[in-house]
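Working notes, structure below.
Where a number appears in this text, it was derived from the coordinates with a stated rule and is not lab data. If you're wondering where the values come from, they're calculated on a predicted model, not measured in any experiment. We place every Cβ from the backbone using ideal geometry, glycine too, and count neighbours over all the protein chains shown.
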Amino acid sequence: MLTQLNSMTVNKDSLTVSLPYIGKEGSSGNTGGNPLQFTTTDFTYKVEVTKKKDKIITMEVKSPGSDRFTFMLTISKGIMAKLTITSSSRSPMNFSGYIQEPGTMVGE
């Protein structure tokens, strides 16, 4: 039974990331552990709206372990999401899923 859900939660002043990382680590100062398991208040973002009304949210994120990431979240049809995470010291990661309110399931 799968009990751990992968998620990224954005609040007014914090970002919590709980995503798997399978990739190559470069010259990051953070060794060991999962670099995509953290909560931070050190992030900025900008929002763009495309001609198709998709939203592209680009976030510059610093984790507590000193890793710096760029998160590019593309939201289409209001709930479908694609997240690309890049870093200068790690392999890029791609995730897809749905946008939902905390505590709800898609389709509720």
Each residue of region 56-63 in turn: what ³J(HN,Hα) in whole Hz from Karplus with 6.51, -1.76, 1.60 and θ = phi - 60°, glycine and Pro shown as x?
10, 10, 9, 10, 9, 10, 10, 7
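Sorted by average packing, counted as other Cβ atoms within 10 angstrom per residue and highest first, what order do 10-16, 57-63 take? Write out the running numbers ahead of the final one.
Working: 10-16: 11.4, 57-63: 16.9.
Taking the mean over residues of other Cβ atoms within 10 Å, the ranking is 57-63, 10-16.
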